[in-house]
Each structure stands twice: as C-alpha cells, then as structure tokens.
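The values are calculated or read from the model by the stated rules, or taken from the named source; none is laboratory data. Everything numeric in this text was worked out from a predicted model, so none of it was measured. Quick reminder, even Gly has a Cβ in these numbers, built from the backbone with ideal geometry, and neighbours come from all protein chains shown. With ligands, DNA and RNA removed, areas are computed over all heavy atoms of the protein, side chains included. Shrake-Rupley method; radii C 1.70, N 1.55, O 1.52, S 1.80 Å.
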Amino acid sequence: MKEFARTDRIGAELRRELAQVLREEVRDPRFTLITLQEIRVSRDLAHAKVYFTCFPVDTGGAEQARLLHGKLAGFL
C-alpha cells in the first residue's frame with residue numbers, strides 16, 4: 001500500500017511552490033508573515049483548496065486575508 005496518496009504529494013508540491021512564489025515574487029510588504037498550512041487537492045486534480053494563516057492576526061491579518069482571497073488569488 002502507498003504511504004501517501006497522489007493528491008497528498010501534489011498538495012505538498014503545490015505548497016512548496018506557493019511558498020516560494022510568496023517569498024520571492026510578491027513584493028508587497030503586507031505579505032511577509034503568511035503561513036501556508038495545507039493544500040487539499042481534489043481527486044481529479046482540477047481544484048485545490050489552500051489553507052493559510054496571516055500574522056499578526058490582531059492588526060493586519062484581516063486585510064491580508066481579504067487581499068489573498070481577492071487580488072492575489074488570481075496571481076497565485
């Protein structure tokens with residue numbers, strides 16, 4: 001039996017790639033403290049859900065989350 005499903009391996013690779021894009025290509029200083037928690041990929045590999053946390057949660061996290069769901073989502 002396989003140790004990990006194909007979708008899990010693809011999700012892990014997507015997580016690494018998105019982290020690299022956020023680190024190297026996004027020049028907005030508001031996105032310095034974002035942690036990618038998990039990426040869940042559908043069985044047919046057509047969709048992926050990205051779970052993330054924005055720090056600091058109390059001051060700018062809501063704005064970061066809003067921007068990630070909006071403008072930056074298409075870029076990523």
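Data overview
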read-out	value
Criterion violated by L36 - all others in (1) outside any loop (DSSP other than H, G, I, E, B); (2) open to solvent by 30 Å² or more (accessible area, probe 1.4 Å) satisfied	(2)
Residue check, R43 open to solvent by 100 Å² or more (accessible area, probe 1.4 Å), in contact with a Leu (Cβ under 8 Å, 6 or more places away or on another chain) and not aliphatic (A, V, I, L, M)	no
L18, sole failed condition from (1) at pLDDT 75 or above; (2) more than 13 Å from the chain's Cα centre (by Cα)	(2)
When residues of the range 1-33 are limited to those that are of a type in the set (K, R) and over 20 Å from A62 (Cα atoms), the one surrounded by the most Cβ atoms within 10 Å (Cβ to Cβ)	R15
Count - residues of the range 30-52 that are modelled with pLDDT under 90 and among the basic types (K, R)	1
The range 27-53, residues that are among the polar types (S, T, N, Q) and more than 10 Å from the chain's Cα centre (by Cα)	T32, S42
